[in-house]
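Below is one structure, written out as structure tokens; the observations come after it.
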Amino acid sequence: MRSIIFGLAVAMLHWAAQAGETVTYTVGEEQFEGYRAAAKDQSKGLVLIIHDWDGLTDYEMKRADMLAGLGYEVVASTGVSGASCSKVCVSRW
């Protein structure tokens, strides 16, 4: 039984790994961080993912990887320079 569970876990490892990369880009004079996942085959187009209140997390990166697997170029943007939105929002309250 243990060997079956171990075998399944090893077989699923490639799905857990992120296929994209962290990127830094500049708008005006401000630097931003994001995540880019390239299409596996010929690109069907570009998808831009904007995070929710807690910033760019594994959730957005996983979705970017999933869309890339379907043939789309994907950029997940932070939109907040150097910090997650939750840190900025909390500091303003």
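The values are calculated or read from the model by the stated rules, or taken from the named source; none is laboratory data. If you're wondering where the values come from, they're calculated on a predicted model, not measured in any experiment. Remember, those area values only see protein heavy atoms, side chains included, never the ligands or the DNA or RNA. Shrake-Rupley method; radii C 1.70, N 1.55, O 1.52, S 1.80 Å.
Could you tell me which numbered condition VAL74 fails, if it satisfies all but one of (1) at pLDDT 95 or above; (2) part of a helix (DSSP H, G or I)?
With (1) at pLDDT 95 or above; (2) part of a helix (DSSP H, G or I) applied to VAL74, the lone miss is (2).
Any residue that is open to solvent by 50 Å² or more (accessible area, probe 1.4 Å), modelled with pLDDT of 85 or more and small (Gly, Ala, Ser) - is there at least one of those in region 6-26?
Within region 6-26, none of the residues are open to solvent by 50 Å² or more (accessible area, probe 1.4 Å), modelled with pLDDT of 85 or more and small (Gly, Ala, Ser).
Going residue by residue through region 50-59, is there one that turns out to be modelled with pLDDT under 95, in a strand (DSSP E or B) and either open to solvent by 50 Å² or more (accessible area, probe 1.4 Å) or not polar (S, T, N, Q) (or both)?
Of all residues in region 50-59, those modelled with pLDDT under 95 come to 50-59.
Cutting the leftovers down to in a strand (DSSP E or B) gives us 50.
Okay, now just the ones that are also either open to solvent by 50 Å² or more (accessible area, probe 1.4 Å) or not polar (S, T, N, Q) (or both), so 50.
Yes, region 50-59 contains at least one residue that is modelled with pLDDT under 95, in a strand (DSSP E or B) and either open to solvent by 50 Å² or more (accessible area, probe 1.4 Å) or not polar (S, T, N, Q) (or both).
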